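Participant: One structure is given below, represented as structure tokens, and several questions about it will come after.
The values are calculated or read from the model by the stated rules, or taken from the named source; none is laboratory data. Model, not experiment: these values are computed from the prediction. Cβ: placed from backbone, ideal geometry, glycine included. Neighbour counts: every protein chain shown.
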Amino acid sequence: MVLGGDMRILLYFILGMFSVNVFSIDYKIIDTDDIKKLIDTKADYVLVDSLTKIHYGVEHVPTAINIQNNQVKKNVNLLPKDKNKMLIFYCMGPKCFFSKNNAKQALELGYKNVYVWESGIPDWKNKGYDTEKGGGFLPMADFNKISPQKLKKNLNKVILVSLFSKKELSGIINNSKIINIVDFTQEYSKLPKDKLIVFYSLNGKIDKIAMKYLLSKGYRLSNLYFLDGGINAWKKLGLKIEK
């Protein structure tokens with residue numbers, strides 16, 4: 001039997017109410033069509049954009065609030081008091097872990113009706129649905145990358161910046177500055193404009209967001225680099241890390 005949109009949404013609510021007693025507590029998955037239905041019908045839910053403030057300031061899905069990666073427990077005031085309320089977390093697609101991290105924190109706080117919208121904002125845009133603009137702007141650029149091997153030879157010539165904590169990356173490169181991406185809009189000014197800066201994260205994807213933000217603040221493209229393949233590529237070569 002194929003369920004229509006309304007029936008699927010009703011089923012999501014029913015399963016959310018009873019899963020705590022019948023199944024192990026875990027988040028559930030919801031798709032883009034059902035998100036659109038929830039928004040159009042003005043259903044009772046909370047939609048959370050788990051991306052950075054930078055992403056959210058450029059655009060986000062209508063009705064979404066912003067709670068950055070691993071920040072749910074620090075922003076309980078933004079969540080409903082009703083632990084049975086439908087909470088939906090999204091980010092940048094199935095490989096993005098921000099929404100899953102936030103969903104797990106919501107479950108740890110006792111929320112029982114927690115969903116991850118895995119396909120997230122890329123699928124929303126691919127389907128032609130409108131986003132809300134936050135007024136921010138990120139310039140497009142062809143960013144410089146540096147290989148782990150070349151970085152190893154030039155560590156004393158650059159400022160090396162990890163965009164995640166030691167715990168989040170299971171270790172960082174020696175002598176790295178840590179400016180967590182969730183704090184980047186407040187902390188970026190600590191970085192000099194006249195030095196070569198190399199950013200890295202897990203696999204290199206989030207680095208370009210930080211670099212685009214710096215370009216919008218007057219930093220020069222020629223001074224901005226990202227580690228090709230991120231910390232994963234560095235570790236794969238057996239290079240030293242600091243835990």
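Participant: Does segment 122-146 hold any residues that are in a loop (DSSP other than H, G, I, E, B), touching a residue at least 40 places away in the same chain (Cβ under 8 Å) and more than 26 Å from residue 217 (Cα to Cα), and which are they?
Facilitator: Passing the criteria: 127, 129, 130.
Participant: Still on this model: Condition first: of a type in the set (Phe, Trp, Tyr) and outside any loop (DSSP other than H, G, I, E, B). Now tell me which residues in segment 73-107 satisfy that. Outline the logic, then answer.
Facilitator: First, the residues of segment 73-107 that are of a type in the set (Phe, Trp, Tyr): 89-90, 97-98.
Once the filter is applied, which keeps residues that are of a type in the set (Phe, Trp, Tyr) and outside any loop (DSSP other than H, G, I, E, B), segment 73-107 yields 89, 90, 98.
Participant: Can you pull out the residues in segment 184-243 that are in a loop (DSSP other than H, G, I, E, B), under 26 Å from residue 57 (Cβ atoms), at pLDDT 95 or above and of a type in the set (Gly, Ala, Ser)?
Facilitator: Hits for segment 184-243 are 201, 218.
Participant: Looking at segment 97-142, which of its residues are at pLDDT below 95 and surrounded by 13 or more Cβ atoms within 10 Å (Cβ to Cβ)?
Facilitator: 97, 134, 136, 138, listed by residue number.
Participant: Name every residue in segment 48-72 that is under 14 Å from residue 97 (Cα atoms) and in a strand (DSSP E or B), in order of residue number.
Facilitator: Residues satisfying the conditions are 48, 49.
Participant: Applying the selection to segment 161-174, what residues are exposed (fewer than 12 other Cβ atoms within 10 Å of the Cβ) and touching a residue at least 24 places away in the same chain (Cβ under 8 Å)?
Facilitator: Taking segment 161-174 and keeping what is exposed (fewer than 12 other Cβ atoms within 10 Å of the Cβ), we get 167, 174.
Hit for segment 161-174 is 174, nothing else.
Participant: Another question, if that's okay. Could you tell me how many of the residues in segment 147-160 are surrounded by 12 or more Cβ atoms within 10 Å (Cβ to Cβ) and not in a strand (DSSP E or B)? First the steps, then the outcome.
Facilitator: First, pick out the residues of segment 147-160 that are surrounded by 12 or more Cβ atoms within 10 Å (Cβ to Cβ): 147-152, 154-155, 158-160.
Next cut, not in a strand (DSSP E or B) only: 147-152, 154-155, 158.
Selection size over segment 147-160: 9.
Participant: Output the residues belonging to segment 33-77 that are on the phi > 0 side of the Ramachandran plot and either assigned by TED's automatic domain parsing to the domain that holds residue 208 or free of Cβ contacts under 8 Å to residues at least 40 places away in the same chain (or both).
Facilitator: 42, 63
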